[in-house]
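Participant: Have a look at this one before I ask anything.
The values are calculated or read from the model by the stated rules, or taken from the named source; none is laboratory data. For clarity, every value in this text was computed on a predicted model and none was experimentally measured. FYI the Cβ positions are ideal-geometry reconstructions off the backbone, even for glycines, and counts take in every protein chain you see.
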Amino acid sequence: MSGGGDLLPAGPATGGLAASDAVARGPVAPGPWRVAGQALLRNPSAVTSMAVLLLLVLLSLLAPAYARYVAHTDPFMSDVAATVSLHGEEVPVMQPNHNRLHLGLTPIGPTWNPRADLLGADNQGRDVAARLLYGGRNSLLISFCAAILCIALAAMVGICAGFFGGVTDMLLSRLMDIMWAIPVYLFAISLSIVSVSQGLHLGPVTIRSDSLLLPIVIIALVYVPYAARPVRGRVLSLRRAEFVTAARCLGVPRRRILLRDILPNVSTTLIVLAPLVMALALLAESALSFLSIGVQAPAASWGTLIEDGTGLIYTRPAVAIAPGIAIVVTVLALNILGDGLRDALDVRETSRGRS
Amino acid sequence: MLMALLGRLGQTLLVLLGISVLVFAVFFATPGADPTARIAGRNASPETMAAVRHEYGFDRPLPVQYLRMMDKLFVTRDLSSFVDHGQKVVPEVLRAAPVTLSLVGGAAAIWVAASVTIGTIAAAMRGSWIDRGLMMLGLVGISMPVFWLGEVANLVTQSRYHHSWLFSWVPGLGYVSLWRDPSGWFAHLVIPWIVLAVLFIGIYGRVLRADLVASFDEDFMRTARAKGLSDSRVLLHHGLRTSMITFVSLFGLDFAQLVGGGALLTEVVFGLPGVGRLTYQALNNLDLPLIMATVMYSAVFVVLANAVVDLVYLLLDPRTR
């Protein structure tokens, strides 16, 4: 930490230099958050990624409307005898195979007609496009909540370890090291396997095995060390910063230093981490669901959709490819947004750019 | 030097102890259902339940259970699976290890070569459209779920374009031992290698570029330029060398995690019978002893690999002593 940021104890460090610039020019200094927000809005790729994310959220919110009013199907009911009307004629959703005995059924492929299985059907005759939208709801909800929970836990761990130091720091850091040594997906699998069959019972709290809370909690826990490490580093450098020393010399109580000086400055680190953790959480959720220990049937997520499509990958690749593209687009947008936020909030980047 | 070594050794032992306690706690002390039912598998008979309870000592206090489990895993190594008719777990894990090593080793070679190339080119042309394009490609690589990419690769090489000249050499999914058929080993693994490497090419390429660009402002780089060295020599001999430090420490961690089972999804998609696929099968059978064994072994492997990396650092860089 260097530059003007240290001069602004109560507020994200970003604005330090910008604010003093503005003071030199005019009477009203834009707040540090405002400066960061404007920098973000000037970044075309960050704006695009925000628009894409917003669009994805809107689309998945519209899932019931699409299923009921456009596709006219129930994407959670398997119906192998269903038919769809295509070019004025009724076509069975499950079509007999082209072998000599007509053994087995293959679901209908993409019709590119939103009224009749836009992206085809899966092997239970369910509309893939509608399931994709419903799956998006669960995938986005789980990864968002997991990211928030993970960041909150990481903030607690990182701030405690960095601020109190000593034994607290040693214990917490060792615990993080231990958790970090277990490969992320294996750790998530271990936690899932013990909870997925019977659910979790923590005293009075019971989480049912098909509850979305289960993957949320598991994914959040697994990525805590990833997010706690940078938070701890930031707190350590803040604790040595001049304005904290000044506050300590003035006799400001530790609680107040923590709340007024440390927390606002750490918040930028947390904000930058949030989309990156959400991207990781989305990938982890899809992997767990792909291994059928994440979202449980009949509910859908992009991961379970890819699993459904695995058996059809050579005959009806759209079933697995479509949710994969949805994941790639979402994660890419989150990563770009994370980069944009880092550029907008990073004090060193802005001060170097302005000097 | 000796004190530093002993200190690291002590830390490693502590972390190993902590990991074994954590993994044990996750599997056997999670509040909720009886661990007996989990180990015995679905629809186990009362006799099986009684046998499991006796075998693991679930009628005894937790510390005794913990010691008994560690004994079964690392000393007598006779932990057996109840779901899989008393199959011994530890030899099974050790048998699967060479497959995982083949997969991860090849992928690592590809990702190191590709990411060094990409990172260096992007740093040398920083600000240009080539730089932006390469970094964007890297970000796309980071954003792809590996199991999905694997399925798309299978679709292309096994089905859609399998009969074209480009992919007609790709054999069916599976694994052939290196000692039995080296060319078959290579042909079976090339596509999995590339798929597994894509994510890491993205990460490492971006990390290396950032480190290289940051090193351009360093004094020693200015000195090297001031001496009149050519740009490429400054970049490759001075910049790249120091920028590899983050790269190498990241590499140690990732490589160990992958060998320890992180390559699970790739192994599942390509039908490679490695440690990860063993875990996957255990997952489908709810075979807890097997999963616990793979998790425990992988964590131990990661810790030991980290200790080795630390040791190498200690020997190479006097400042860390």
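Participant: Please verify whether the stretch B:141-156 includes one or more residues that are assigned to a helix (DSSP H, G or I), over 25 Å from A:Leu334 (Cα atoms) and free of Cβ contacts under 8 Å to residues at least 12 places away in the same chain.
Facilitator: Within the stretch B:141-156, one or more residues are assigned to a helix (DSSP H, G or I), over 25 Å from A:Leu334 (Cα atoms) and free of Cβ contacts under 8 Å to residues at least 12 places away in the same chain.
Participant: Continuing with this model, one more query. Would you mind stating whether A:Ser292 is on the phi > 0 side of the Ramachandran plot and within 14 Å of another protein chain (Cβ to nearest Cβ)?
Facilitator: In short, yes.
Participant: Checking A:Leu221 against (1) loosely packed, with under 15 Cβ neighbours inside 10 Å; (2) part of a helix (DSSP H, G or I), only one condition comes out false. Which one?
Facilitator: That leaves (1) as the condition not met.
Quick grid of which residues meet (1) assigned to a helix (DSSP H, G or I); (2) at pLDDT 85 or above; (3) in contact with a strand residue (DSSP E or B) (Cβ under 7 Å, 6 or more places away or on another chain):
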site	(1), (2), (3)
B:Leu258	yes, yes, no
B:Leu272	no, yes, no
B:Ile291	yes, no, no
B:Phe301	yes, no, no
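Participant: Then there is this: Given the conditions (1) surrounded by 13 or more Cβ atoms within 10 Å (Cβ to Cβ); (2) at pLDDT 70 or above; (3) in contact with a helix residue (DSSP H, G or I) (Cβ under 7 Å, 6 or more places away or on another chain), and given that B:Ala40 satisfies all but one, which numbered condition is not satisfied?
Facilitator: (2)
Participant: Can you report the number of residues in the stretch B:113-145 which are β-branched (Val, Ile, Thr) and either outside the structural domain of B:Val207 (by TED's automatic domain parsing) or surrounded by fewer than 20 Cβ atoms within 10 Å (Cβ to Cβ) (or both)?
Facilitator: Matching residues across the stretch B:113-145 total 5.
Participant: State whether one or more residues within the stretch B:212-222 are charged (D, E, K, R), closer than 20 Å to B:Thr100 by Cβ and at pLDDT below 85.
Facilitator: The answer is no; no qualifying residue exists.
Participant: Also: Where residues in the stretch A:18-46 are surrounded by 13 or more Cβ atoms within 10 Å (Cβ to Cβ) and not in a helix (DSSP H, G or I), which of them is modelled with the lowest pLDDT?
Facilitator: A:Ala29
Participant: Criterion first (surrounded by 22 or more Cβ atoms within 10 Å (Cβ to Cβ) and at pLDDT 75 or above) does A:Asp127 satisfy it?
Facilitator: Yes: the conditions hold for A:Asp127.
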